[in-house]
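A short worksheet on the structure shown next.
The values are calculated or read from the model by the stated rules, or taken from the named source; none is laboratory data. Because the structure is a prediction, the values reported are computed rather than measured. Note: ideal-geometry Cβ built from the backbone for every residue, glycine included; neighbour counts use all protein chains shown. Areas reflect the complete protein model, heavy atoms only, side chains present, ligands, DNA and RNA absent. Shrake-Rupley method; radii C 1.70, N 1.55, O 1.52, S 1.80 Å.
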Amino acid sequence: MSVFCLLAVVGLAQGAERVLKVGVIHHSPPMSYLDASGALTGFNVEIMRELCKEMAARCETVVLTLDRVVDALAAGEVDFAAVSLLVTPERRARVLLTKPYYRSISVWFARPGIKPGEARVAVVKGSIQARYAQAHAWPIQPFDNHEAIFGALAAGRAEAALLPMANAVALRQDARTLAQGLASTVVQDPELAGDAAMGVNPRDRALLDRLNEAIDEIKRDGRFDRINTRFIPFRLQ
């Protein structure tokens, strides 16, 4: 084969290299958010970057809202989502889910004396917390993301919120809400706790296998724990 032909073949191979489209969420600290410089970061974002590095894959982020994640995966708009999805039968029926990479619980945040179900609760659209509140006939106040909930609580436009534990920790540390004196309570209900996984295009089981291997590796070599320490003040299990 001539040098010209060899270079042409190499060029075609490089041009055909697959780029993985990865769904990410903005405005959900500490899991994924824009930092002061406008750069995307957070626990899930940095975990995603290490997974892509471990798979030697080129990854391109696609911004989604939480209520669009499962639909986007099912439609093949993204290859996987760097989003903490609580594992449920409904989600398993529509998309592939990686092995769990940590366990999640939920927290009720409200002004002192307000108990679950006694006030309109702020929830993120498409979340397990929103589904739970609706199923229990709680009046809800839906928002597109967690930062919007933080702002509503700080401004007094919301009296209560139901959040995943990691987001609840970020709320507790948010300067805008410190003066509100919000009380927090872990909601002891199995429907609001369980394994968190990343979603995968339901037609790409090979990618699921690669992601599961990569999750094992970044946990084994300490990268997962280092990212955990950087963004979350408790150990995710």
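Top mean-square fluctuation among His27, His136, His146, Gaussian network model of the chain, C-alpha springs under 10 Å?
His136
For Trp108, Trp138, give the ranking by accessible area with the largest first, probe 1.4 Å.
Trp138, Trp108
Hey, with R₀ at 45 Å, roughly what FRET efficiency would Arg205 and Ser184 work out to, going by the Cβ-Cβ distance, to 0.05?
The pair Arg205/Ser184 has a calculated efficiency of 0.70.
Could you give the length gained on full extension between Arg94 and Glu191, defined as 0.36 nm per residue of separation minus the Cα-Cα distance, in nm?
On the way: separation 97, 0.36 × 97 = 34.92 nm, distance 1.89 nm.
Full-extension gain reported as 33.0 nm.
For the stretch 161-222, what are the per-bin percents of Cα-Cα distances with bins 10 Å wide, up to the bin holding the maximum?
Over the stretch 161-222, the share of Cα pairs per 10 Å bin runs 16, 30, 27, 21, 6 percent.
Rounded to a whole number, what % of the accessible area of the chain do carbon and sulfur atoms account for, probe 1.4 Å?
54
Principal axes first, then extents: for the Cα atoms of the stretch 111-153, list largest minus smallest coordinate on each axis, whole Å, largest first.
Rounded to whole Å, the extents work out to 24, 23, 12 Å.
In whole Å and largest first, what semi-axes does the C-alpha gyration tensor of the stretch 84-139 yield when each eigenvalue is scaled by 5 and square-rooted?
Details: eigenvalues 140, 36, 12 Å².
Largest first, the stretch 84-139 gives 26, 13, 8 Å.
Based on alpha-carbon atoms only, what is the radius of gyration of the stretch 17-166 relative to the globular estimate 2.2 N^0.38 Å?
1.10
What percent does the relative contact order of the chain come to when contacts are Cα pairs within less than 8 Å and at least six residues apart?
Numbers: 417 pairs, mean separation 65.1, N = 237.
Answer for the chain is 27 percent.
Would you list, by chain and number, the lysines whose Cα falls below 21 Å from the Cα of Lys53, excluding same-chain residues fewer than 8 positions away?
Lys21, Lys99, Lys219
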